[in-house]
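This report concerns only the one structure given below.
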Amino acid sequence: MKNADLKHEFVEFIPRLLEDGILYVSMTYATAAHNCCCGCGNKVITPLTPTDWKLTYNGESISITPSIGNWSFPCQSHYWIKWGRIKWSGQWSPEEIAAGRDRDRLAKKVQFKGADSTTVNEKAIIPALLLPVKQSRGFWRRIWEKLTVKV
Ligand SMILES: [Zn+2]
């Protein structure tokens with residue numbers, strides 16, 4: 001079922017399990033996250049940086065720009081979060097998706113010349129990954145090394 005509204009919740013760490021219809025916002029780690037609004041259950045992480053997403057809070061509700069395009073999920077849903085409401089957008093063609101990705105890459109190149117652009121997002125995700133889950137120690141060590149190798 002498609003959500004029409006998205007409530008927000010300010011948190012320090014993004015929880016490992018997200019509730020549908022809630023946009024979790026960590027100002028500490030400049031990251032927002034929510035479950036895909038189409039109801040498919042995929043987690044959408046939106047880092048807040050000058051070249052990723054921008055969040056506007058008017059004291060009651062939140063807008064995020066630009067739009068959320070979940071091209072890597074099977075649902076390929078595309079929507080805007082505008083003052084806590086979901087505005088569904090058309091599906092992009094493969095060409096439009098590619099063009100959007102090129103734009104993102106170019107923007108990042110300009111913004112982060114030689115700087116590490118990935119730390120903000122990873123810092124927010126690591127605590128979520130490390131919440132108690134029954135997994136072998138080796139598995140988590142591999143994840144940890146993967147995530148921290150660039151820091
Ligand atoms: Zn979806």
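Conditions (1) in contact (Cβ under 8 Å) with a residue 60 or more places away in the chain; (2) surrounded by 14 or more Cβ atoms within 10 Å (Cβ to Cβ); (3) away from the ligand (no atom under 16 Å from the Cβ), marked per residue:
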| residue | (1), (2), (3) |
| --- | --- |
| VAL11 | no, yes, yes |
| LEU17 | no, no, yes |
| GLY21 | no, yes, no |
| TYR29 | yes, yes, yes |
| ASN35 | no, yes, no |
| THR46 | no, yes, no |
| THR51 | yes, yes, yes |
| PHE73 | no, yes, no |
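Going by the structure shown, is ILE81 over 11 Å from the mean Cα position of the chain (by Cα) and either buried (at least 17 other Cβ atoms within 10 Å of the Cβ) or within 10 Å of the ligand (Cβ to nearest atom) (or both)?
Values: over 11 Å from the mean Cα position of the chain (by Cα): yes; either buried (at least 17 other Cβ atoms within 10 Å of the Cβ) or within 10 Å of the ligand (Cβ to nearest atom) (or both): yes.
Yes.
Okay, residues lined up against (1) modelled with pLDDT of 85 or more; (2) among the hydrophobic types (A, V, I, L, M, F, W, C):
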{"site": "SER63", "(1), (2)": "yes, no"}
{"site": "GLY69", "(1), (2)": "yes, no"}
{"site": "HIS78", "(1), (2)": "yes, no"}
{"site": "ILE81", "(1), (2)": "yes, yes"}
{"site": "ARG85", "(1), (2)": "yes, no"}
{"site": "GLY90", "(1), (2)": "no, no"}
{"site": "ASP104", "(1), (2)": "no, no"}
{"site": "ALA107", "(1), (2)": "no, yes"}
{"site": "GLY114", "(1), (2)": "no, no"}
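Being of a type outside the set (D, E, K, R), open to solvent by 100 Å² or more (accessible area, probe 1.4 Å) and either modelled with pLDDT under 65 or assigned to a loop (DSSP other than H, G, I, E, B) (or both) is the requirement here; does PRO127 meet it? I'd like the intermediate steps shown before the answer.
Values: of a type outside the set (D, E, K, R): yes; open to solvent by 100 Å² or more (accessible area, probe 1.4 Å): no; either modelled with pLDDT under 65 or assigned to a loop (DSSP other than H, G, I, E, B) (or both): yes.
For PRO127, the condition - of a type outside the set (D, E, K, R), open to solvent by 100 Å² or more (accessible area, probe 1.4 Å) and either modelled with pLDDT under 65 or assigned to a loop (DSSP other than H, G, I, E, B) (or both) - is not met.
Looking at (1) more than 14 Å from the ligand (Cβ to nearest atom); (2) out of contact with any Pro (no Cβ under 8 Å at 6 or more places or on another chain); (3) touching a residue at least 40 places away in the same chain (Cβ under 8 Å); (4) closer than 23 Å to ARG105 by Cβ, which one does LYS7 not meet, given that it meets all the others?
Among (1) more than 14 Å from the ligand (Cβ to nearest atom); (2) out of contact with any Pro (no Cβ under 8 Å at 6 or more places or on another chain); (3) touching a residue at least 40 places away in the same chain (Cβ under 8 Å); (4) closer than 23 Å to ARG105 by Cβ, the lone unmet condition for LYS7 is (4).
The values are calculated or read from the model by the stated rules, or taken from the named source; none is laboratory data. Keep in mind that what you see is a predicted model, and the values were worked out from it rather than measured. Quick reminder, even Gly has a Cβ in these numbers, built from the backbone with ideal geometry, and neighbours come from all protein chains shown. Areas reflect the complete protein model, heavy atoms only, side chains present, ligands, DNA and RNA absent. Shrake-Rupley method; radii C 1.70, N 1.55, O 1.52, S 1.80 Å.
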